[in-house]
């Protein structure tokens, strides 16, 4: 062990011991690299220079030798590698979502040629139904209305596959962290009406503040508005047209931030 250096006095002896220790460390590191390669393969990750750098940073180490040595001696556990894989998955998807431009209704012509249904003419992605650029996969040729999923490729952005695509099982089992939810929707029915009830203290300029907040929110249109104040109490009912629930929640939160507003509730009708 390294403690041997405490019991020798000559520099020659110390150098010999250091050489032995260095060789032993390198041997363990080489074994550790092989072990790490196998363990990462089980997590559907290929060991590469970038992955090594990520792992070194993840475990707060200094060099790749430190990483391989720790794996070789069993200091890095399987659960820690799984934690890294989970973080890598989330980072990967967030990176591509930030890089892929939101569609402005001018997707490439070859994609629009394949939109043959008036009922399902738009693809949205993720829980928030984001509009992202994509390409339709040629291996299964999905068409509007098919049940689909998105696969984040390295060089071509999002590729859309049918859920029963011949490659679906392989992609979902080997690259689960690169799968993103996708579905076809009817763009003509995407917007919906919401009625908001607002109460608070009837202060000067409150009405103007509310209408300004709504007008400052993109993709929100006021269909009708009824605001009144009596005995210092403010009451309002506003009907707005919004594209999705995410925008509506943002609007409600912004109205709640106005000084004097006590409550904002949404009316639900059967």
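Can residue 176 be described as without any contact (Cβ under 8 Å) to a residue 60 or more places away in the chain and outside the structural domain of residue 84 (by TED's automatic domain parsing)? No. Selection of the range 38-54 for residues being without any contact (Cβ under 8 Å) to a residue 40 or more places away in the chain and either under 16 Å from residue 74 (Cβ atoms) or more than 27 Å from the chain's Cα centre (by Cα) (or both) yields only 38.
From the list 141, 155, the lone residue that is closer than 27 Å to residue 50 by Cβ, outside the structural domain of residue 85 (by TED's automatic domain parsing) and surrounded by fewer than 18 Cβ atoms within 10 Å (Cβ to Cβ) is 155. In the range 224-264, of all residues being part of a helix (DSSP H, G or I) and touching a helix residue (DSSP H, G or I) at 6+ places or on another chain (Cβ under 6 Å), the one that is farthest from residue 210 (Cα to Cα) corresponds to 254.
Residues are listed down the side, and each one gets a yes or a no for (1) at pLDDT below 85; (2) surrounded by 14 or more Cβ atoms within 10 Å (Cβ to Cβ):
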| residue | (1), (2) |
| --- | --- |
| 187 | yes, yes |
| 198 | no, yes |
| 202 | yes, yes |
| 210 | no, yes |
| 264 | no, yes |
| 268 | yes, no |
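Evaluation of residue 192 against the conditions (1) in contact (Cβ under 8 Å) with a residue 40 or more places away in the chain; (2) within 19 Å of the chain's Cα centre (by Cα) shows that the sole unmet condition is (2).
The values are calculated or read from the model by the stated rules, or taken from the named source; none is laboratory data. Note that the structure is predicted; figures quoted are calculated from it, not measured. Reconstructed Cβ throughout: ideal geometry from the backbone, glycine too, with neighbour counts over all protein chains shown.
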